[in-house]
Amino acid sequence: MLEALLPEALLPEVIRQNLPFLLAGLAMTVRLAAIGIVGGTLLGLLVGVIRYARVPVLSPLAALYVEIVRGTPLLVVLFICYFAIPALLGYRTSAVNAAALGFVLFIAAYLAEDVRSGLRSVPPGLARAGLATGLSTVQVFRLIVLPQALRRIIPPVFSQYVRLFKFTSVASVIGVRELTGSALLVNAREFQPVVILATVALTYLVLCSTLSLVGRLLYARLSVRT
Amino acid sequence: MSETPLIVLDRVCKQYGTTPVLRDCSLTVARGEIVVVCGPSGSGKSTLIKCINGLEPYQSGSVRFDGEEVGARTTDLPRLRSRIGMVFQSFELYPHMTALRNVMLAQVHALKRPRAEARARSLDLLARVGLADRAEAYPADLSGGQQQRVAIARALALDPIAMLFDEPTSALDPEMINEVLDVMTGLARDGMTMVVVTHEMGFARKVANRVVFMDEGRIVEDRPSEAFFGAPVTERARVFLSKIIAH
């Protein structure tokens with residue numbers, strides 16, 4: 001499918017010859033990013049809401065998680081997910097699964113903070129107005145506070161998504177053959193670093209720009225007008 | 001009065017930390033009565049009316065609405081609140097919803113009215129406050145006066161038996177005040193029980209049965225409006241009145 005989108009004749013020789021391999025890498029990058037975005041968003045929402053609502057016991061644990069992850073380099077998080085957690089809990093994992101877990105845990109910590117600050121930014125008077133009309137606390141949260149918070153945090157959330165998309169390249173260090181890892185393998189054989197790395201960089205650029213464009217369009221459509 | 005009063009506050013006290021906000025406030029509002037609460041800022045007017053629908057907790061005393069103790073742990077607050085409409089100084093319309101959906105929301109989710117019925121009722125109410133043509137507008141596209149009228153429609157949508165107004169015209173430009181006061185006067189004429197915190201003394205004089213004057217968390221005067229405007233008993237109320245009527 002991806003092949004069809006490319007004007008193959010325009011590609012440099014070395015890319016064309018290794019195209020299926022590189023495209024498989026790209027597919028892995030997209031897959032890791034998608035898992036990270038979906039899983040990270042769900043976990044980030046959960047953690048952010050727990051922090052916002054100051055749920056007893058869970059809230060301090062959530063805060064600890066956010067602090068630990070935000071104070072740890074991504075590469076270390078991936079190593080922990082690949083080596084330490086499986087050793088600790090006694091299960092075997094693949095590099096791909098470990099990377100996917102690492103990206104979810106990593107990006108969720110940042111997204112949780114965006115969710116929390118978004119929720120805090122909704123004026124409390126609106127929640128009070130909702131309560132005054134007989135809505136329950138949970139209904140007020142679900143119908144009034146959360147929808148506005150989510151609209152407000154579209155820009156920071158999409159910039160986290162873009163960061164994550166680029167961060168997937170770090171998975172190559174634990175042996176995942178995503179775009180960067182595949183390109184490095186091709187380069188090891190062909191040794192054409194300029195062409196290969198320029199192609200890789202351009203691919204990231206195009207995809208990241210598309211992702212942030214989606215975010216901007218979504219924000220323009222949904223943003224709360226004040 | 002033959003009937004039991006709708007709203008009874010009995011020696012309500014509230015403090016934030018050590019700062020008293022309400023001191024021994026007692027107030028009775030009969031069905032169909034219109035009571036205006038006035039007084040200098042910080043005197044506890046807003047806090048007082050928010051005790052009636054349980055938006056403000058209080059430390060001692062009792063608040064009863066239609067015979068039900070608002071502060072009791074067993075009270076179903078959402079159900080009680082759905083019988084009391086409230087209008088706020090800064091409108092508090094939900095900015096991500098159209099005027100129509102603002103008015104529909106609690107009907108659908110608190111009263112569990114079918115959507116079609118809630119929609120029809122909302123359109124009726126928007127027409128009643130003169131905004132039939134702005135149903136699909138978002139709050140940001142409405143003037144302050146229009147927003148406040150939508151907020152009144154939103155409160156009325158629950159078929160409340162009483163309405164609380166917390167400085168409903170204080171955030172409005174002068175030329176928009178009257179469109180809101182007109183709606184409120186219409187409500188009063190239809191027999192709605194109303195407690196109104198306001199500095200609109202013209203409205204108080206014309207519409208209110210009683211005026212309550214507060215100062216430093218205390219109710220210092222509570223008298224029929226003609227008597228209050230004729231000659232306030234307390235010096236504090238006299239000074240206040242002369243100041244706000246002087247300009």
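No value in this document is a laboratory result; all are computed from the given coordinates. On a predicted model such as this, the values are computed, not experimentally measured, just so you know. We place every Cβ from the backbone using ideal geometry, glycine too, and count neighbours over all the protein chains shown.
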* Structure fact -> Scalar couplings 3J(HN,Hα) for region B:163-174 by Karplus 6.51 cos²θ - 1.76 cosθ + 1.60 (θ = phi - 60°), nearest whole Hz, x for Gly and Pro, are 10, 10, 10, 9, 6, x, 10, 5, 9, 9, 5, x
* To do: Enter the angle in degrees (range 0 to 90, nearest 10) between the Cα long axis of helix A:154-167 and the first principal axis of the Cα atoms of chain A, meaning the one along which they spread out most.
  => 30
* Asked: Where is the GNM fluctuation largest for chain A (alpha-carbon springs, 10 angstrom cutoff): A:Gly39, A:Gly48, A:Gly71?
  -> A:Gly71
* Structure fact -> chain A: relative contact order from alpha carbon pairs under 8 Å, six or more residues apart, as a whole percent, is 28
* To do: Provide, in order from the shortest bin, the percent of all Cα-Cα pairs of region B:95-160 in each 10 Å bin, continuing until the bin that contains the maximum pair distance.
  => 26, 59, 15, 0
* Structure fact -> Once normalised by the length of chain B, the mean sequence separation of its alpha carbon contacts under 8 Å that are 6 or more apart gives a contact order in percent of 26
* Point-charge dipole on Cβ atoms (K/R +1, D/E -1) for chain A, about Cα centre, debye to 20 -> 920
* **Area projected by the alpha carbon convex hull of region A:58-110, averaged over all directions, nm²** => 3.7
* Pick from B:Arg73, B:Arg31, B:Arg134: which residue has the top mean-square fluctuation in a GNM of chain B where Cα pairs under 10 Å get a spring? -> B:Arg73
* Structure fact -> Filtering trypsin sites (Lys or Arg not before Pro) in region A:98-151 by DSSP loop and by at most 15 other Cβ atoms within 10 Å leaves none
* For region B:194-247, the spread of Cα positions along each principal axis, largest first, Å -> 25, 24, 18
* Asked: Residue by residue through region B:191-203, which ³J(HN,Hα) values in whole Hz follow from phi under the Karplus form 6.51 cos²θ - 1.76 cosθ + 1.60 (θ = phi - 60°), with glycine and proline marked x?
  -> x, 5, 6, 9, 10, 10, 8, 7, 10, 7, 5, x, 4
* Using label points projected 7 Å from each Cα along Cα→Cβ, tell me how many nm separate A:Arg70 and B:Ala140, to one decimal. => 2.7
* Using a Förster distance of 51 angstrom, determine the FRET efficiency expected from the C-beta separation of B:Ser170 and A:Ala198, and round it to 0.05. => 0.20
* To do: Would you mind checking which residues have amide H under 5 Å from B:Gln89's amide H? H placed 1.01 Å from N; only 5 or more apart, or other chain.
  => B:Asp166
* To do: For B:Gly61, enumerate residues with amide H under 5 Å from its amide H, sequence gap 5+ or separate chain, H modeled in the peptide plane.
  => B:Cys13
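Nearest 20 debye, what's the magnitude of the dipole of region B:95-160 about its Cα centre given +1 on Lys and Arg Cβ and -1 on Asp and Glu Cβ?
200
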* Asked: Which trypsin sites (Lys or Arg not before Pro) from region A:154-226 combine a DSSP loop assignment with at most 11 other Cβ atoms within 10 Å?
  -> A:Arg225
* Based on the Cα atoms of region A:18-222, what semi-axes does the equivalent ellipsoid have, where each is the square root of 5 times one gyration tensor eigenvalue, given in whole Å with the largest first? -> 37, 21, 11
* Structure fact -> Expressed in angstrom, Rg and Dmax over the Cα atoms of chain B are 17.9, 55
* Asked: Along region B:8-21, what does the Karplus equation 6.51 cos²θ - 1.76 cosθ + 1.60 (θ = phi - 60°) give for ³J(HN,Hα), rounded to whole Hz, x for Gly and Pro?
  -> 10, 9, 10, 6, 7, 10, 8, 9, 9, x, 9, 8, x, 10
* List the residues whose amide H sits under 5 Å from the amide H of B:Arg218, counting only those 5 or more places along or on another chain, with H placed 1.01 Å from N in the peptide plane. => B:Arg23
* Fraction of alpha-carbon pairs over 32 Å apart in the protein assembly as shown - percent -> 55
* Put +1 on the Cβ of every Lys and Arg and -1 on every Asp and Glu Cβ in the protein assembly as shown; which of A:Thr180, A:Ile107, A:Phe158 then has its Cα farthest towards the positive end of the dipole? -> A:Thr180
* Magnitude of the charge dipole, region B:1-98, Cβ model with Lys/Arg +1 and Asp/Glu -1, debye to 20 -> 160
* How high is the FRET efficiency between B:Ser26 and B:Lys112 when r is their beta carbon distance and R₀ equals 35 Å, given to the nearest 0.05? -> 0.45
* Residue with peak Gaussian network fluctuation, chain A [Cα springs, cutoff 10 Å], from A:Val162, A:Val173, A:Val77 -> A:Val173
